[in-house]
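The values are calculated or read from the model by the stated rules, or taken from the named source; none is laboratory data. Every value quoted in this text rests on a predicted model; they were computed, and no experiment measured them. Positions of Cβ are backbone-derived with ideal geometry, glycine not excepted, and every protein chain shown enters the neighbour counts. Quick note on the areas: whole protein, heavy atoms, side chains included, nothing else; ligands and nucleic acids left out. Shrake-Rupley method; radii C 1.70, N 1.55, O 1.52, S 1.80 Å.
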Amino acid sequence: FTDVLKGKTVIASYRLRSGREENVEITIPMGANHGDTIRYQGLGDDSIRHMPRGNLNVRIDVIHHPIWRRDNEHLIKIEHINVFDLMIGCVVIVNTIDGNQVKLTVPPGTKPGTKLSMSGLGLPNINTRRRGNAYIHIETIMPTIKDNVLCQKVRELKDATT
């Protein structure tokens, strides 16, 4: 998954119809998508004498990332935040796909289901190489309050805000 960020050169090993094995260096371009087919001219079938070789078609399989989900060049991550932090606002440290840490400000009053955008922190577009955005979907962690005094304070807070 992270190889799509910068592109990658790999050695491909394959057997031709003639029975000969071949190893070639191929480049997976930045922003390649799962299921893309890349054609390498002149690296394919060599079984017909006096005819130019065919093409080698390589299908790209991008392994899923454990945290980020891909939507073309955009990345999506779910962030679980305590309901009290959503009420008063907070800063969340987000580990980006390229290994950096970015501070994301969650404004006071952010509602569950809100999508916050971090511009230019997605994957590169295969055609333009311009990076997409990283989107953080906010989900709520609801604390369990077992203390009666704290429950009463929450009720008072609720009554004061309605």
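List of remarks:
- Tally, over region 59-76, of residues that are more than 19 Å from Arg131 (Cα to Cα) and either open to solvent by 20 Å² or more (accessible area, probe 1.4 Å) or without any contact (Cβ under 8 Å) to a residue 12 or more places away in the chain (or both): 4
- Subset of region 114-123 that is under 13 Å from the mean Cα position of the chain (by Cα) and either of a type in the set (A, V, I, L, M, F, W, C) or at pLDDT below 95 (or both) - its residue that is nearest to Gly35 (Cα to Cα): Leu123
- Filtered residues of region 142-162 (kept if open to solvent by less than 40 Å² (accessible area, probe 1.4 Å) and aliphatic (A, V, I, L, M)): none
- Exactly one residue out of Ile126, Ile67 is in a loop (DSSP other than H, G, I, E, B), touching a Gly at 6+ places or on another chain (Cβ under 8 Å) and either among the hydrophobic types (A, V, I, L, M, F, W, C) or under 29 Å from Phe1 (Cβ atoms) (or both): that is Ile126.
- Looking at region 1-58, the strands (runs of 3 or more DSSP E) lying wholly inside it that each contain 2 or more residues that are open to solvent by less than 40 Å² (accessible area, probe 1.4 Å), aliphatic (A, V, I, L, M) and out of contact with any Cys (no Cβ under 9 Å at 6 or more places or on another chain) sit at 21-28.
- Within region 82-110, considering residues that are of a type in the set (S, T, N, Q) and surrounded by 12 or more Cβ atoms within 10 Å (Cβ to Cβ), the one farthest from Arg131 (Cα to Cα): Asn82
- When Glu79 is tested against the conditions (1) in a strand (DSSP E or B); (2) open to solvent by 60 Å² or more (accessible area, probe 1.4 Å), the lone failure is (2).
- Some residue of region 129-141 being more than 15 Å from Leu5 (Cα to Cα), modelled with pLDDT under 95 and open to solvent by 50 Å² or more (accessible area, probe 1.4 Å): yes
- A residue that is open to solvent by less than 100 Å² (accessible area, probe 1.4 Å) and touching a helix residue (DSSP H, G or I) at 6+ places or on another chain (Cβ under 6 Å) occurs nowhere in region 112-120.
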